[in-house]
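The values are calculated or read from the model by the stated rules, or taken from the named source; none is laboratory data. Quick caveat, the model's predicted, so the values are computed rather than measured. A quick note on method: Cβ atoms are made from the backbone with ideal geometry, for glycine too, and the neighbour counts reach across all protein chains shown. With ligands, DNA and RNA removed, areas are computed over all heavy atoms of the protein, side chains included. Shrake-Rupley method; radii C 1.70, N 1.55, O 1.52, S 1.80 Å.
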Amino acid sequence: MPHDPVYPFDDERDFADAERGFIAALTPGVVRNAVGQVIWDNDSYSFLAGDAPDTVDPSLWRQSALCAKQGLFEVTEGIYQVRGLDLSNVSFVEGDTGVIVIDPLISVECAAAALGLYWKHRGTRPVTGVIYTHSHADHFGGVKGVISQAEVDAGVPVIAPEGFLEAAVSENVYAGPAMARRAGYMYGAVLPRGPRAGVGAGLGQTTSLGTVSLIVPTMDITATGQELTVDGVRMVFQLAPGTEAPAEMHFLFPGRRALCMAENATHTLHNILTLRGAVVRDPHSWARYLTEAIELFGGQADVVFASHHWPTWGRERALEFVGLQRDLYAYLHDQTMRMLNQGYTGAEIAEQFELPPALQRAWHAHGYYGSVSHNVKAIYQRYLGWYDGNPARLWPHPPREAAKRYVAFMGGADAVVDKARASYQEGDLRWAAQVLDHVVFAEPGHQAGRALLAEVLEQLGFGAENGTWRNAFLSGALELRSGNFGTPATPGSADVLAVLPPELFFDALAIQVNGPAAWDLDLAIGWVFPDHGATFRTTLRNGVFSYVRDRSGDVTLTITVPRPALGALATGDLGAAAAAGLTLDGDAAAVQQFLGVLQPGNPAFNIVEP
Ligand SMILES: [Zn+2]
């Protein structure tokens, strides 16, 4: 941190807000799946009470204590939330005959438990609508815990912003394996819980580990100002694409004077680029849509709520909250651009970047999930890319080769470890981590180097205000000490893969083609997707898999893929795909040749060592 942090501990309003409207908790605060495995354990965070221990940043400790509050809460008359039963919140809006569910969490089991808690205290009402605020899995994955496909087929609407489906399935397809492995570091899923380990991820505590489902939306919101009345509840929508998610929307309940801001105004500085890796988001659009929300809805809401954290009550406070969130993203964007145009690089901007005093004093503008440091670098990356323009840095050796040379120049691994220990003792943890990284990459078996790097990373974690930084540092320390923990949770579920459009399915296959192994293949295959009413002709040549829709032509094999077989085939499992109804007509060897050159992602690639 370049400056002493401002921690406004005298402002305790969040504690009142996080407890306001409390009705009841789920007891015990544990959710299990059908075979009894624990997929969510909020009680494991019960240590988050009292003053922060010296192994947790006091601001993160405070945030985690707030996020760990679990139960059913009243937002306003007729609107309820269950918080603390997953990374995200689920909201319930009571209609004339039943209840509309907003954002049914990540896991079917957690969503069912949340609905059960709601029913227990508000009466068993049928679900008369579902709304997905945006395309991230923590906002749709539990949908089959609150409603069935049959109920949707019978007419219960599932409402989502335009572009939802494509965005929901694509993010987890293209870079899925790498993101999932890195997400293990970011969310700290394998860290034990406790003051020396996982305390929370800033946005919520962590991700649940149950069954991820998806029901395709039946009603798209396509324009700002669009209105819908569902079960007697009137809603006015604002589209906010290209913000926190590619497809996202805000909406007002005029009859309840309540505004849902999806995930664009929460009690943290969010991510312009998450540590798990993603396409860089657009802070300029983000700020612009928050401005528009204030203009459209500002005078009409007495409470603003989101699908993470707690609501903010009072017209003035709600406006101030959304306004400061807008200022936060706009300031990050505009000032990064100003400094970038002065010639500073991302790391240099991050080092000197300071938020205005009013934002430093607003707890919700603090970086518990995103950080000023990594967001500023992301904005530089969005506009100018990885290269900082200095040709001495245009063609460096990759990490391992560079590490060997650094360590040799600095007098060998033992000497570097001794010097790093002195830096560590002087408190320069960042430098100690930087040079010990070279030791571990030059000589992965150097035990003193590994042990000291683990200790340094652990101390960096203990000092981090940001939950995802803490998780990353502590996960790196854990792997240095006890080895690669792989990928704790994979995002692609059968339900999600089954709704892949054929084009996305082909894209998923194309990026698995091992180019050099496929250089000599020349294959032409016809494809029939009866559930999509679509046919394709694909070719594989020069290691490139290409597809054209509705094109006949010479093929040696035609493959018919009913929807249930898509998921298995997308992962290269022909046996499972055949069991799910896939049929072949023609030269079956062609598909074997094709599948033979597919290389799926490696769920256990190394991160903290070569
Ligand atoms: Zn979310």
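Taking chymotrypsin sites (Phe, Trp or Tyr not before Pro) across the stretch 364-415, the ones in a DSSP loop with at most 16 further Cβ atoms lying within 10 angstrom of their Cβ are Trp386, Tyr387. Relative to its residue count, the stretch 453-509 spans a Cα convex hull of 125 Å³ per residue. The helix-only estimate of mean residue ellipticity at 222 nm for the chain, built from DSSP H runs of length n ≥ 4 each weighted as -39500 (n - 2.57), is -11500 deg cm²/dmol after division by the residue total. The Rg/Rh ratio of the chain, with Rg taken over Cα atoms and Rh as the Kirkwood radius over Cα pairs, comes to 0.98. Measuring between their Cα centroids, the stretch 33-50 and the stretch 444-471 lie 26 Å from each other. With a Förster radius of 41 Å applied to the C-beta separation of Thr556 and Val38, the computed FRET efficiency comes to 0.25. With semi-axes defined as the square roots of five times the eigenvalues of the C-alpha gyration tensor, the equivalent ellipsoid of the stretch 231-312 measures 24, 13, 11 Å, largest first. Projected label points at Glu426 and Met410, each 7 Å from Cα along the beta carbon direction, are separated by 1.3 nanometres. If both residues of a DSSP beta bridge must be in the chain, then about 75% of such bridges are antiparallel. Each residue of the stretch 99-193 gets 116 Å³ once the volume of the Cα convex hull is shared out per residue. Net charge in the neighbourhood of Leu436 (other residues with Cβ under 15 Å of its Cβ; Lys, Arg +1, Asp, Glu -1) is -3. For the stretch 297-435, the equivalent ellipsoid derived from the Cα gyration tensor has semi-axes of 41, 20, 12 Å, listed largest first. When the residues Ser91, Ser373 are ordered by accessible surface, computed with a 1.4 Å probe over the protein chains alone, the sequence from largest down reads Ser373, Ser91. Within the stretch 523-610, the percentage of alpha carbon pairs spaced more than 23 angstrom apart rounds to 26%. Separation of the stretch 520-588 and the stretch 200-268, taken as the distance between their Cα centroids, equals 36 angstrom. Maximal additional length on extending the Asp388-Gln342 stretch stands at 15.3 nm, based on 0.36 nm per residue less the C-alpha distance. P(r) for the stretch 321-367, from all Cα pairs and a bin width of 10 Å, is 26, 51, 22, 1 %, short bins first. For the cross-link pairs Lys120/Lys144; Lys144/Lys377; Lys69/Lys144, the ones whose C-alpha atoms lie over 27 Å apart are Lys144/Lys377.
Full extension of the chain between Ala494 and Ala358 yields a length gain of 44.3 nm, computed as 0.36 nm times the residue separation minus the alpha carbon distance.
Largest accessible area first, the residues Asp554, Asp302, Asp57 order themselves as Asp554, Asp302, Asp57 under a 1.4 Å probe with ligands, DNA and RNA left out. With Cβ to Cβ distances under 15 Å as the rule, what net charge do the other residues near Val146 carry (K, R +1; D, E -1)? Local net charge: -4.
Enumerate the residues in the stretch 64-80 having an amide nitrogen under 20 Å from the point lying 7 Å beyond the Cα of Ala49 toward its Cβ. Residues 64-72 fall inside that zone. Every Cα-Cα pair in the stretch 159-294 was counted, and those over 19 Å apart are 60% of them. Once the Cα-Cα distance is subtracted from the 0.36 nm per residue extended length, the Glu351 to Ile511 segment shows a gain of 53.9 nm. Residue by residue, the stretch 32-43 carries 3J(HN,Hα) couplings of 10, 8, 4, 9, x, 6, 6, 10, 8, 9, 6, 5 Hz when phi is fed to the Karplus relation 6.51 cos²θ - 1.76 cosθ + 1.60 (θ = phi - 60°); x denotes Gly or Pro.
Shape annotation for the stretch 1-135: C-alpha extents along the principal axes are 53, 37, 29 Å, from largest to smallest. The local environment of Thr211, defined by Cβ-Cβ distances under 9 Å, has a net charge of -1 under the rule Lys, Arg +1 and Asp, Glu -1.
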